[in-house]
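None of the figures in this text is laboratory data; all of them are computed from the coordinates on show. What you are looking at is a predicted structure, and each value in this text was computed from that prediction instead of being measured. Glycine gets a Cβ as well: all are built from the backbone with ideal geometry, and neighbour counts include every protein chain shown.
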Amino acid sequence: MPPSVLRKLPSWLTLSPWFVMLCALLLSAFVVGVGLRNASRESAFTAKLTLEKGSALISTLEGALRTGMGFQWGDDVLQDLLEKIGAQPDIVTLAITDHSGKILMDSNPALAGTSMVSAAQLATLKPSSVAQWHERILPDGTRLFQVYKEFTVSRFERGRHGSGRHGHGFHRPRNALCNMLGAETDADAQWLIFVDYSLAPLDEAKGVDARHTLIISAVLVFLGIVGALTLFLVRGYRQSRQVVQETTAFSSEVINTLPVGIIATDADNRITSINPVACAITGLSPTEATNGTLCTLLPSVWAVLSPRLTRGVSVVEQESRCAFASNRRVPLALSASRITTEDGQVVGNAIIMRDLGEIRRLQTELRRQDRLVALGNMAAGIAHEIRNPLSAIKGLARFFQESNPADGEEARMAKIMTQEVLRLDKVVGDLLDFARPDTLHQIHIPLDEILGRAHRMVQQDMETRHIRFVLNIPTPAPLAWFDPDRMTQVLLNLFLNALQAMADGGTLTVTAQEDDNDLILKIQDTGCGILPEKVQDIFSPYFTTKASGTGLGLSIVHKIVEAHDGDIEVQSSPEGTTFILRMRKG
Ligand code: ADP
């Protein structure tokens, strides 16, 4: 995956999963806290409301009782009143008890005579003229909100009521109310009024609140866990992608920089990837390569590999000359092996190819160098032995030539003898040049000076053969770090070969140009050219196509150029030959 895709992820996905989890836990703890606080506030509020409601109800009942005293209500009227008030939906019980907690009258008549509260409880409740509440728990576990208040009727009140309306004296109303409520003494009559409200709606509301709070908290915790897990997954995914990316980048870097050609195919031998070296060897572009099979695109490679690959056997360094586009034949070392998965399934082939061209060239060059060294040593010995007798023969031939008439047969023979001795002397001279050690005496010398020396040596010959000399060198002439004598010999040998190749006249062009620290010299003739199959041999000693050639001229040139740490190459066609020298300037 390209890194840009990773970068496009929303920023929250980069948060730490632990942080998200902690936030969710804190948030749910907060929600629970707020829920509990609300619940307790709501309870207090509901208790206050219910207490006020109970208190109002008790006050109303008190008023009714006092009125009842005046009107001398009977038990049935009072009972009826209690039942009617107690029938309100949220009231469980409405009861009047004596000061010991015994129920005198109850909205549920069946409870009359039973005990509303024990004496111990009553001591804790401390009833007074102010309405109070407590939570009453019935034997069956039912919780009730009980409002209670003391109800006192003074003697005076009883008297007032009794004498006011009916005018029957003090005792009658007292008796009527007290009888009605069961008070027997003359002391201030004291009763307790209890109203029980059901706690079920409040409990239910609390339960709903608690459930909501719990659900919200659970949802938050769940979201936190899901978020954290998502972030863990995203992180894991990102990390795996990164590992894959790094591994891919590393392997493609390795594959692209390896100095060998690598081709990967799928199980059907379709090329899936190819590295730059393999492209250079096969001449295929990556797009061309990944559009076809090994068999159709590289038949010569497939011909070498297929016999073993189709049998599932690896190929190890098999050497072959493989043909590629435009009849290019490249010596290759081919290796191939099947790519298999852990469970043994074949998913393709990996092919490695090494271009042996350079190695072959170096091997040939090495062999040539070895031959040259052996030959040089031998030549030096032979040349030494031959030169002394040759100068004696030359002296004698001159003597015969001079001591005989110039137009006689003896003189002609002596002349031929002298010419042959001179030719032999040149051969020996070439041999000695060739065998001479590579020690150079280099100096900084202008190029035109060396070119001038070589040119002067062949100038006469050029004129005789009608050959034009063209010089293209920069002005001022470049300086080079040459051994003047040996470089003059290089140019002389090349000029002489060019002259001999242009039997019917022509043009010899010398061009020089600078390239960084190199000096490139081109010696171009318009001669007969060199046959393509001979080109590779011309630098070998004793290779000649001339009747009187020694075949040492270009070997000497090659040796001197190499000693100067330079290169020489040749380009030839039937229109002419060009020798290109790349020499170091400094
Ligand atoms: P020689 O000149 O004695 O034959 P060289 O080593 O100088 O030996 O050259 C080897 C051979 O290379 C020549 O015989 C000739 O066939 C070929 N050759 C060299 N230079 C040229 C050239 N300028 N044009 C054509 N052939 C050439």
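For this structure, a couple of remarks:
- Of all residues in the stretch 560-577, those being under 14 Å from residue 494 (Cα atoms) and either away from the ligand (no atom under 11 Å from the Cβ) or surrounded by fewer than 17 Cβ atoms within 10 Å (Cβ to Cβ) (or both) number 6.
- Sub-9 Å Cβ pairs linking a first residue in the stretch 256-269 that is among the charged types (D, E, K, R) to a second residue that is crowded, with 18+ Cβ neighbours inside 10 Å, at least 6 apart or interchain, are 266/348; 266/349; 268/348, ordered by first then second residue.
- Single match in 491, 508, 496 (criterion: outside any loop (DSSP other than H, G, I, E, B), under 20 Å from residue 538 (Cα atoms), touching a residue at least 40 places away in the same chain (Cβ under 8 Å) and touching a strand residue (DSSP E or B) at 6+ places or on another chain (Cβ under 6 Å)): 508
- Number of positions in the stretch 409-442 that are part of a loop (DSSP other than H, G, I, E, B) and closer than 20 Å to residue 553 by Cα: 5
- Leading residue by the ranking (surrounded by the fewest Cβ atoms within 10 Å (Cβ to Cβ)) among those in the stretch 505-525 that are hydrophobic (A, V, I, L, M, F, W, C) and within 16 Å of the ligand (Cβ to nearest atom): 510
- Checking each residue in the stretch 447-483 for being under 59 Å from the mean Cα position of the chain (by Cα), loosely packed, with under 15 Cβ neighbours inside 10 Å and assigned to a strand (DSSP E or B) picks out only 472.
- Sole residue being touching a Ser or Thr at 6+ places or on another chain (Cβ under 6 Å), part of a helix (DSSP H, G or I) and surrounded by 11 or more Cβ atoms within 10 Å (Cβ to Cβ), chosen from 350, 397, 383: 397
- From the list 502, 462, the lone residue that is within 16 Å of the ligand (Cβ to nearest atom) and over 21 Å from residue 539 (Cα atoms) is 462.
- Residue count, the stretch 295-319 (criterion: surrounded by 15 or more Cβ atoms within 10 Å (Cβ to Cβ) and either closer than 13 Å to residue 352 by Cα or in contact with a Gly (Cβ under 6 Å, 6 or more places away or on another chain) (or both)): 5
- Number of positions in the stretch 304-318 that are under 13 Å from residue 269 (Cα atoms) and either touching a residue at least 60 places away in the same chain (Cβ under 8 Å) or of a type in the set (A, V, I, L, M) (or both): 2
- If the condition is being near the ligand (Cβ under 9 Å from one of its atoms) and either farther than 21 Å from residue 424 by Cβ or surrounded by fewer than 19 Cβ atoms within 10 Å (Cβ to Cβ) (or both), then the stretch 536-553 contributes 537, 538, 539, 540, 542, 543, 544, 545, 546, 548, 549, 551.
- Count - residues of the stretch 124-139 that are exposed (fewer than 10 other Cβ atoms within 10 Å of the Cβ) and among the small types (Gly, Ala, Ser): 1
- Cβ-Cβ distances below 8 Å connect the following pairs, each with a first residue in the stretch 530-552 that is over 19 Å from residue 372 (Cα atoms), a second residue that is more than 6 Å from the ligand (Cβ to nearest atom) and basic (Lys, Arg), and a separation of six or more residues or different chains: 545/534; 548/423.
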